[in-house]
Amino acid sequence: MSHPYSRVRFATHALETWREMVWTHFLPLEVAASGPDTLRVRCTMVRFHDSTLAEVATGGHQVVRTPALAARTDAACFKVLWQLDGRSEITQGDARTTLQPGMWTVYDTSRAYSLAAAGGNRFITLLLPQSGLLGWDPRLQHLCGVALPLQGTAQVALGALRGLLRDRSALDPLAQQTLQDSVLALVGAALRNTRLDDDEPAGEGAALRTLRSIQRHIAEHLGDPALTPDALAVSFGMSRRTLYKLFDRARLTPQAYIREMRLQRARAWLADRRETRSVTEIACELNFADAAHFSRLFHQRFGLSPTRWRLECRAPTAHEGQAA
């Protein structure tokens, strides 16, 4: 059953307050801070039709969906998470993965899972009803909790949701349902387009796992000037030709994938209100030739300049602590 459209923004350092907000607006979860004085939460939340959307900036903490809590679920949902800044470690079933900016994942709320967020973490998460996810195949369950590169329809869905978080105007019931159906279709398409190990001949699954390992390595070393296709081939014990063949699955060359991940990381940093580095400093940190080269690539990729993107993302999204 759909719930009334609402919007709220809040900030808290209190663990009990954060736990209450999570239980009230999302799901029953066990919540623990990583240490004393580490929990600093800022959250913008929008509820529309059967979905709940939130952009969360937080210090180190962990949430756990225990088997007992999962068993109490009335309706099965998916939780989609797009990592914007920092790092999150997610475990569901046999899958355990680390999300870096420029990655996303989906997990099943009817099954136990845990999420550990490092300090300086920022992500967008969306709770969606499983019943509406077109084309869901049970074989896709093994993708739950797996880090996926942000591209294609998953990126389109994120763009629409970021627009909703920035726009203060309320949506009528038809618009809410249309938005939810569109996002469900986009996420479903992204999952269906992911190559499945189970569908591939012997040896192909291992190749896909190798590709994911290389992609994680790239995400963790974007600031390294020695991050090149030749260096990757040496690090992973393969020829340059084999490396390029692996990246055929990502529909990008290794060099293009590195550039894409650097642009995604820069985009996330520029959107972060806590980030004080200039455009030039960010370009240097991510090993672009210079600020002008970075700005040109950024505009080609995202349709606006880095400075303009920073201004748009840092505009207020809602009145503090008030529900619309």
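Taking the stretch 266-287 as the search range and keeping residues that are under 21 Å from His217 (Cβ atoms) and touching an Asp or Glu at 6+ places or on another chain (Cβ under 9 Å), which one is surrounded by the most Cβ atoms within 10 Å (Cβ to Cβ)?
Out of the qualifying residues, it is Ala266.
From the list Arg111, Arg122, pick out the single residue that is basic (Lys, Arg), in the same structural domain as Leu29 (by TED's automatic domain parsing) and part of a strand (DSSP E or B).
Arg122
Which of the residues spanning the stretch 213-246 are over 28 Å from Pro306 (Cα atoms) and in a loop (DSSP other than H, G, I, E, B)?
Across the stretch 213-246, the qualifying residues are Phe236, Gly237, Met238, Ser239.
Across the stretch 41-96, which residue is nearest to the chain's Cα centre (by Cα) among those that are closer than 27 Å to Arg168 by Cα and assigned to a loop (DSSP other than H, G, I, E, B)?
Gly86
Taking the condition touching a Gly at 6+ places or on another chain (Cβ under 9 Å), small (Gly, Ala, Ser) and modelled with pLDDT under 90, does Ala315 pass?
It is false that Ala315 is touching a Gly at 6+ places or on another chain (Cβ under 9 Å), small (Gly, Ala, Ser) and modelled with pLDDT under 90.
Is there any pair linking a residue in the stretch 207-222 that is farther than 16 Å from Thr105 by Cα to one that is of a type in the set (D, E, K, R) and surrounded by 16 or more Cβ atoms within 10 Å (Cβ to Cβ), with Cβ under 7 Å and at least six apart or on different chains, and which?
Correct list of pairs: Leu222/Arg262; Leu222/Arg265.
Working only within the stretch 27-45, note down all residues that are farther than 20 Å from Ile124 by Cα and either surrounded by 17 or more Cβ atoms within 10 Å (Cβ to Cβ) or at pLDDT 85 or above (or both).
none
Mind listing whichever residues of the stretch 301-312 are in a helix (DSSP H, G or I) and either at pLDDT 90 or above or on the phi > 0 side of the Ramachandran plot (or both)?
Pro306, Thr307, Arg308 - these are the residues of the stretch 301-312 that are in a helix (DSSP H, G or I) and either at pLDDT 90 or above or on the phi > 0 side of the Ramachandran plot (or both).
The values are calculated or read from the model by the stated rules, or taken from the named source; none is laboratory data. These numbers were taken from a predicted model, which means no experiment stands behind them. With ideal geometry, Cβ positions are generated from the backbone for all residues, glycine too; neighbour counts draw on all protein chains shown.
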